Number of protein chains: 2
Amino acid sequence: MVKIEAKATLPKGWRAAGTAAGLKASGAADMAMLLSDRPATVAATFTTNQVQAATVRLDRARVEKFGQTRGVVVNSGQANACTGKAGMRDATDMAAWAAKQVGVGAEEMLVCSTGRIGVRLDMGKIRPGIEALAKGLRADGGEEAARGIMTTDTRPKRFTAVFDAGGKRCRVTGLAKGAGMIEPCMGTMLAFVMTDAAVEARALRRLWKRAVEGSFNRISVDGDRSTNDSAFLMANGAAGNEPLREGVAGWEAFEEAVKGVAFSLATEMARDGEGASKFVTVTVKGAKSAADAEAGARAVANSMLVKTSWAGTYPNWGRIMDALGYSKARVREDKVDVFYDDLCAAKGGLRTDMPEKALSRVLAKKEFRVTADLHLGKGEATVYTCDCTEEYVRINMD
Amino acid sequence: MVKIEAKATLPKGWRAAGTAAGLKASGAADMAMLLSDRPATVAATFTTNQVQAATVRLDRARVEKFGQTRGVVVNSGQANACTGKAGMRDATDMAAWAAKQVGVGAEEMLVCSTGRIGVRLDMGKIRPGIEALAKGLRADGGEEAARGIMTTDTRPKRFTAVFDAGGKRCRVTGLAKGAGMIEPCMGTMLAFVMTDAAVEARALRRLWKRAVEGSFNRISVDGDRSTNDSAFLMANGAAGNEPLREGVAGWEAFEEAVKGVAFSLATEMARDGEGASKFVTVTVKGAKSAADAEAGARAVANSMLVKTSWAGTYPNWGRIMDALGYSKARVREDKVDVFYDDLCAAKGGLRTDMPEKALSRVLAKKEFRVTADLHLGKGEATVYTCDCTEEYVRINMD
């Protein structure tokens with residue numbers, strides 16, 4: 001059992017920094033850098049949006065071409081999406097400038113941006129920002145870096161886990177930013193998971209795919225949506241272990257650590273969704289297929305009527321029935337059971353005699369589960385989401 | 001050119017009433033009845049949600065079986081959805097009680113409900129409500145009936161048009177309720193369009209299908225979504241004209257009147273969407289196909305980030321690009337132009353030198369157009385929608 005801690009302690013060979021480069025009018029931190037003292041094997045997943053930020057296109061090409069990286073430079077405030085060739089030049093320059101400051105090859109740096117779409121990066125601020133980051137790199141700079149990538153996040157998101165690989169103590173540490181919460185809205189999601197374990201490249205890629213599927217793809221900030229979504233797993237081998245792959249001693253602990261850190265980052269994004277006051281785990285089971293369960297769970301998790309009913313502590317299970325009914329999941333109304341935590345609100349599509357007050361007490365909690373059993377098969381899926389308050393609208397009107 | 005007026009004047013042979021039966025705690029009007037003095041040919045469309053109110057199932061069967069009706073009794077406050085066999089009994093009883101009070105056959109009445117899902121109709125209030133409605137039926141009761149079907153609507157929705165069919169003066173009048181605005185949220189939409197023209201049954205059905213497609217299906221209250229959505233066109237022939245069908249004198253004017261009334265009701269629903277402060281016409285053109293255009297326009301119209309940016313008078317065209325990019329429409333980022341009214345905000349996926357202030361002035365208007373030209377083909381589609389304010393969330397938290 002690998003323990004996941006809410007700390008930014010970096011693995012060996014990794015340094016990090018954050019700074020306020022002036023991209024945000026508020027003066028808040030808006031840049032971060034992560035650097036490994038040696039090449040790190042990298043696996044990455046990116047948005048599937050047809051409109052993609054310059055940084056996404058650049059990083060995807062570099063990860064595919066080299067499979068290795070020395071680090072990442074990140075800015076928030078400007079997304080460098082819908083910026084055309086000039087944007088691609090800016091992204092390339094930003095990575096190159098960072099590489100130069102830290103003395104690595106220009107193509108060894110990755111680069112991420114998040115923020116407003118359609119405006120050019122303010123390179124006049126980014127260049128000095130990079131210089132400050134390069135000077136500020138520290139082995140204990142993880143927390144600062146986690147702050148530097150925040151946008152509407154109310155708190156930094158960072159988790160770490162220690163495990164043993166063939167007698168070598170290794171660490172996995174992830175930093176992430178979430179924000180715009182609900183799937184049809186997507187704010188950019190960025191996640192950087194570092195380890196000092198040595199890991200075989202293909203095993204790393206396979207694991208990262210599974211870990212992303214079970215974490216960032218399970219929250220209703222849909223990883224598919226924003227122009228800038230990117231998630232990286234980088235392994236620099238500084239721990240000196242025998243390279244990990246499936247079957248090698250320590251692999252299982254490594255897998256658990258990576259999945260645990262990714263899951264913790266992802267659910268923390270849902271907890272800290274824009275304007276969120278409650279964290280809700282939505283499960284659809286008994287569906288005809290896994291795809292049906294997924295479609296049903298996402299329809300519930302993304303329904304504004306459902307999300308606002310949670311915010312209002314209003315056990316309106318009919319809105320859940322409605323969302324299931326218009327989802328792509330096959331539903332037979334007279335078979336559906338709906339639960340708030342373990343309390344059965346509807347059975348066979350009809351209200352139970354469970355007192356509304358008891359149901360409301362569940363919805364008044366900061367965290368609760370919503371489960372719908374379709375009683376049509378064995379398909380099951382869970383999505384992690386949050387409620388929707390007026391604050392969500394307020395944030396996005398700006 | 002048929003003139004559409006915002007009035008509830010009923011066609012010949014039609015009477016209507018509204019009343020407060022006490023279903024709403026507020027004491028507001030919550031029931032309505034429409035009655036024809038003779039059988040009316042009826043065409044109807046219903047929700048495609050898999051979860052359907054008892055009233056929807058009952059009306060669908062009656063419309064299919066008889067193709068005629070004498071009228072409709074409606075309540076707001078309780079949806080009679082997810083109420084099982086007992087709900088079907090209530091719906092049947094409600095129609096039968098109404099039929100009895102006005103002296104028509106039990107199966108000659110249609111019945112609609114809207115409101116909270118999963119609770120039984122309060123028949124103890126509905127029965128006396130029906131009696132009051134039956135007593136209150138008046139040739140000038142249209143306005144009262146339009147009020148009786150309102151839920152979170154801020155104003156009654158009713159439009160009327162007069163036209164000539166072979167020398168006979170005919171009228172088309174529609175009453176509707178909208179409310180929960182955005183497609184992923186759907187509040188129930190009910191629409192009742194009456195005419196005194198005589199119309200051949202199949203021609204009526206064909207026309208209603210086209211009229212619904214061009215009106216209620218073009219607003220992002222998706223007619224497909226709620227458990228209770230229903231729209232009726234009822235023709236009683238009291239005008240004494242030769243029955244209308246395609247090719248008969250007066251058909252074109254009739255078609256124009258029906259489409260005009262339906263379109264006015266539909267766009268009024270978007271204008272009066274929950275918490276809406278702005279009415280927005282979203283057009284996607286130059287798409288590879290009509291289906292692509294439709295998918296793109298709906299993605300833009302339903303994006304909470306886009307809708308909140310409109311509310312905030314914030315010309316963030318990047319959010320429009322993003323929504324197009326994750327829609328099912330084929331998009332090539334470097335070909336997309338985005339306009340607010342006639343002002344070009346983005347050309348070839350890049351910002352233009354149009355001053356942001358000029359764009360903001362468009363978004364400050366109560367009504368404006370958003371157009372995206374994908375430059376990939378000839379597909380075009382328009383969706384009518386509204387912005388999303390904090391008020392939307394406030395309404396739905398209750």
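The values are calculated or read from the model by the stated rules, or taken from the named source; none is laboratory data. None of these values were measured; they are calculated from a predicted model. All Cβ positions, even for glycine, are placed from backbone atoms using ideal geometry, and neighbour counts span all protein chains on display.
Within region A:343-353, the set of residues being in a loop (DSSP other than H, G, I, E, B) and farther than 16 Å from B:N49 by Cα comprises A:G348, A:T352, A:D353. Within region A:37-65, residues that are more than 14 Å from chain B (Cβ to nearest Cβ) and part of a strand (DSSP E or B) have Cβ atoms under 9 Å from residues that are surrounded by fewer than 24 Cβ atoms within 10 Å (Cβ to Cβ) and of a type in the set (S, T, N, Q) in these pairs: A:P39/A:Q68; A:A40/A:Q68; A:T41/A:Q68; A:V42/A:Q68; A:T45/A:N217, counting only partners at least 6 apart in sequence or on another chain.
The requirement of being closer than 20 Å to B:R116 by Cα, modelled with pLDDT of 90 or more and in contact with a Phe, Trp or Tyr (Cβ under 9 Å, 6 or more places away or on another chain) is fulfilled somewhere in region A:317-334, by at least one residue. For region B:359-369, the count of residues that are within 18 Å of A:G84 (Cα to Cα), buried (at least 16 other Cβ atoms within 10 Å of the Cβ) and either out of contact with any His (no Cβ under 8 Å at 6 or more places or on another chain) or not assigned by TED's automatic domain parsing to the domain that holds B:L265 (or both) is zero. Total residues in region B:88-118 satisfying the condition of being on the phi > 0 side of the Ramachandran plot and in contact with a strand residue (DSSP E or B) (Cβ under 6 Å, 6 or more places away or on another chain): the figure is 2. When you check A:A287 against the structure, is it out of contact with any Ser or Thr (no Cβ under 7 Å at 6 or more places or on another chain) and surrounded by 23 or more Cβ atoms within 10 Å (Cβ to Cβ), yes or no? Yes; evaluated as a whole, the condition is true for this residue. If you go through region A:323-338 and pick out every residue that is over 27 Å from the mean Cα position of the chain (by Cα) and either aromatic (F, W, Y) or part of a helix (DSSP H, G or I) (or both), you end up with 5. With respect to the conditions (1) touching a helix residue (DSSP H, G or I) at 6+ places or on another chain (Cβ under 9 Å); (2) more than 14 Å from chain A (Cβ to nearest Cβ), B:A25 falls short on a single one, namely (1).
Take the residues in region A:312-322 that are in a helix (DSSP H, G or I) and touching a strand residue (DSSP E or B) at 6+ places or on another chain (Cβ under 9 Å), then tell me which one is farthest from the other protein chains (Cβ to nearest Cβ). Ranking the qualifying residues of region A:312-322, first place goes to A:I320.
This table checks each residue for (1) part of a helix (DSSP H, G or I); (2) touching a residue at least 24 places away in the same chain (Cβ under 8 Å).
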residue	(1), (2)
A:G247	no, no
A:A266	yes, yes
A:S277	no, yes
A:T283	no, yes
A:D292	yes, yes
A:A301	yes, yes
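The single condition among (1) more than 8 Å from chain A (Cβ to nearest Cβ); (2) under 28 Å from the mean Cα position of the chain (by Cα); (3) not aromatic (F, W, Y) that B:M304 does not meet is (1). All told, B:Y340 meets the bar of being in contact (Cβ under 8 Å) with a residue 24 or more places away in the chain, of a type in the set (F, W, Y), touching a Leu at 6+ places or on another chain (Cβ under 9 Å) and farther than 21 Å from A:Q52 by Cα. One residue stands out in region A:345-358 among those that are closer than 24 Å to B:G87 by Cα and more than 13 Å from chain B (Cβ to nearest Cβ): the one that is surrounded by the most Cβ atoms within 10 Å (Cβ to Cβ), namely A:P355. Of all the residues in region B:343-387, those that are among the small types (G, A, S) and free of Cβ contacts under 8 Å to residues at least 24 places away in the same chain number 2. Every condition in (1) assigned to a loop (DSSP other than H, G, I, E, B); (2) surrounded by fewer than 20 Cβ atoms within 10 Å (Cβ to Cβ) holds for A:R205 except the one numbered (1). Name the single residue that is farthest from A:S360 (Cα to Cα) among those in region A:323-333 being without any contact (Cβ under 8 Å) to a residue 40 or more places away in the chain and more than 7 Å from every other protein chain (Cβ to nearest Cβ). Filtering region A:323-333 for residues that are without any contact (Cβ under 8 Å) to a residue 40 or more places away in the chain and more than 7 Å from every other protein chain (Cβ to nearest Cβ), the one farthest from A:S360 (Cα to Cα) comes out as A:K328. For region B:376-398, a residue qualifies if it is within 14 Å of chain A (Cβ to nearest Cβ), of a type outside the set (D, E, K, R) and not in a helix (DSSP H, G or I), and the qualifying residues are B:L376, B:T385, B:C386, B:C388, B:T389. A:F232 versus (1) within 14 Å of chain B (Cβ to nearest Cβ); (2) surrounded by 20 or more Cβ atoms within 10 Å (Cβ to Cβ); (3) touching a strand residue (DSSP E or B) at 6+ places or on another chain (Cβ under 8 Å): which is the lone unmet condition? Among (1) within 14 Å of chain B (Cβ to nearest Cβ); (2) surrounded by 20 or more Cβ atoms within 10 Å (Cβ to Cβ); (3) touching a strand residue (DSSP E or B) at 6+ places or on another chain (Cβ under 8 Å), the lone unmet condition for A:F232 is (1).
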